[in-house]
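Down below is the structure, laid out as structure tokens.
The values are calculated or read from the model by the stated rules, or taken from the named source; none is laboratory data. All figures in this text were calculated on a predicted structure; none of them were measured in a lab. Quick reminder, even Gly has a Cβ in these numbers, built from the backbone with ideal geometry, and neighbours come from all protein chains shown.
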DNA sequence: GGGTACCTGAAA
DNA sequence: TTTCAGGTACCC
């Protein structure tokens, strides 16, 4: 379930459930996707849980006994095992989910449970049918910060967006999926954002006019904000006791609505494969922008 | 850039 | 049986 709003939702919902709990052990049920942490895990305490880009970061604070010096160094200057900060960075990719459960499950994990972090009074399970998800150990959250702008942050302004777009010949939809310019937008929200901005997915990203960039900026902010408020978009309805679900699917304007009437003009929603992914858009609504800005192989 | 690969399950 | 799926790394 992972675009920016879904990952943000996971981090927000997980944080209060796990903060302050003591770590007991980590279990990897899948082939090793995660190297040993290189530091002691037991006796650490879960600290912050946050989203960075599309990843969830879980802070594992040093064990109290090892916390004596804030430097994490012993008297001889050697690193004290367990004293260094440690962060578990999880990328959910296509089908990954992080679920917190209060009961410790039996030794035989449920299907698709690839890893579990056992805590006092509960367990964080990583469930991932397609096994695309990834784990990584970090020493600080800064290591996860991508060289790209987070569209929910204040630094994301129309001027910032204009600078990012400048010179790119890529079609807008493809450009929005890049993670090295703006982080967090995936296949659902790319189509949704462009519909709200009344822009064709096939326009060259670097050729937008000032007012079009303003519309794209506003739509990006509005769609992501609304999706976060709705706790993201959920299609499959797993019935876990503590599974996370969102409700933004009720607000989707074009995604998976091929042939249905456009909510704005009533024309049919179109679908076309673009860079091996489905793009949904309304020809009629995007046509105005095309007429003014010039088509980029508009079908 | 585009194409392919990584995986599995659901739906057509 | 084939196609499609919320992502990204890697190949020419």
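For the reader, a short list of remarks on this structure follows.
- Residue in the stretch A:137-160 that is within 22 Å of residue A:24 (Cβ to Cβ) and within 15 Å of DNA strand C (Cβ to nearest atom) present: yes
- The residue pairs whose first member lies in the stretch A:155-178 and is free of Cβ contacts under 8 Å to residues at least 60 places away in the same chain and under 15 Å from residue A:221 (Cα atoms), whose second member is assigned to a loop (DSSP other than H, G, I, E, B) and within 16 Å of DNA strand C (Cβ to nearest atom), and whose beta carbons are closer than 7 Å, counting only pairs six or more residues apart or on different chains, are A:176/A:185.
- Residues (more than 14 Å from DNA strand C (Cβ to nearest atom) and either surrounded by fewer than 17 Cβ atoms within 10 Å (Cβ to Cβ) or within 16 Å of the chain's Cα centre (by Cα) (or both)) located in the stretch A:116-136: A:120, A:121, A:126
- Qualifying residue in the stretch A:204-217 (condition: within 16 Å of DNA strand C (Cβ to nearest atom) and at pLDDT 95 or above): no
- Residues being more than 16 Å from DNA strand B (Cβ to nearest atom), surrounded by fewer than 17 Cβ atoms within 10 Å (Cβ to Cβ) and more than 19 Å from residue A:58 (Cα to Cα) - total across the stretch A:137-157: 5
- From the options A:159, A:212, residue that is closer than 22 Å to residue A:282 by Cβ and over 23 Å from the mean Cα position of the chain (by Cα): A:212
- Matching residues, the stretch A:243-275, being more than 21 Å from residue A:6 (Cβ to Cβ), within 16 Å of DNA strand B (Cβ to nearest atom) and free of Cβ contacts under 8 Å to residues at least 24 places away in the same chain: A:258, A:259, A:260, A:271, A:273
- Residue in the stretch A:219-233 that is touching a strand residue (DSSP E or B) at 6+ places or on another chain (Cβ under 9 Å) and free of Cβ contacts under 8 Å to residues at least 60 places away in the same chain present: no
- Residue A:167 vs. criteria modelled with pLDDT under 95, within 13 Å of DNA strand B (Cβ to nearest atom) and in contact with a helix residue (DSSP H, G or I) (Cβ under 9 Å, 6 or more places away or on another chain): yes
- When residues in the stretch A:173-196 are screened for being in a helix (DSSP H, G or I) and either within 12 Å of DNA strand B (Cβ to nearest atom) or within 26 Å of residue A:144 (Cα to Cα) (or both), 10 of them pass.
- Flag for residue A:241 being in a loop (DSSP other than H, G, I, E, B) and either modelled with pLDDT of 95 or more or away from DNA strand C (no atom under 13 Å from the Cβ) (or both): yes
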